[in-house]
Amino acid sequence: MSSFYLPEPQTLPLAMPAVYDNTGAYNYFRRAGHQHLLFGGAAPRGEIRRGDFATLQHELALMFPSLVNARITHQWTGLVGISRDFLPHLARLPQGMWVAAGYSGHGVALATEMGWILSKAVLHGEHDDQVRALTDLAFKPYPLGVALWSRVLVPLALDTMKYRNRLSARQH
């Protein structure tokens, strides 16, 4: 994820909500104050290890051509918790603690809403319709184990979707 400085803040709406796409790049973004944009998405592991965010800069320029020369002020990365069904989940652990997880790379867009729903869960238990809908979703284990999925299959699937989207964009 990167924080971009917006030299001309009027290039994006000030009240822009948190947004994400499903193009295979799984970009997500939101305004952060008056002159910053938080922008993240899937990037090749090699770039992340080197601290090179060229893929994210390229994706930002595709979405917002006016920001092609935006200066990056901060960059960071981390592991992404992906649920098998790509849906957010809410669960109450036996110790009475609540867990909200499975944003599948869309935490910028979903975390605030899940925070509201989690607060309803703590205050009202499963009597709230949103809470009940999310707690009814079962966490399903990954076949063949998480390691194979996280290290091989998910990156391969993301790269395949990105390649398909680039081919589609060139044809139009």
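Listing for the model above:
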read-out	value
Total residues in region 53-93, condition not acidic (Asp, Glu) and not in a loop (DSSP other than H, G, I, E, B)	21
Among (1) over 24 Å from Tyr163 (Cβ atoms); (2) at pLDDT 80 or above; (3) open to solvent by less than 40 Å² (accessible area, probe 1.4 Å), the one test that Thr55 misses	(1)
Region 36-52 - residue that is surrounded by 15 or more Cβ atoms within 10 Å (Cβ to Cβ) and in a loop (DSSP other than H, G, I, E, B) and, of those, nearest to the chain's Cα centre (by Cα)	Gly41
Region 108-157, subset modelled with pLDDT of 85 or more and among the β-branched types (Val, Ile, Thr), residue farthest from Gly41 (Cα to Cα)	Val122
Selected residue [open to solvent by less than 40 Å² (accessible area, probe 1.4 Å), part of a loop (DSSP other than H, G, I, E, B) and modelled with pLDDT of 80 or more] from Gly105, Gly96	Gly96
Identity of the residue in region 127-141, free of Cβ contacts under 8 Å to residues at least 12 places away in the same chain and not in a loop (DSSP other than H, G, I, E, B), that ends up most open to solvent (accessible area, probe 1.4 Å)	His127
Any hit, region 80-88, residues being open to solvent by 30 Å² or more (accessible area, probe 1.4 Å), modelled with pLDDT under 80 and farther than 25 Å from Pro141 by Cα	no
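The values are calculated or read from the model by the stated rules, or taken from the named source; none is laboratory data. Everything numeric here is computed off the predicted structure, so don't read it as measured data. Glycine gets a Cβ as well: all are built from the backbone with ideal geometry, and neighbour counts include every protein chain shown. To get the accessible areas, we keep the full protein, side chains included, count just its heavy atoms, and leave off ligands, DNA and RNA. Shrake-Rupley method; radii C 1.70, N 1.55, O 1.52, S 1.80 Å.
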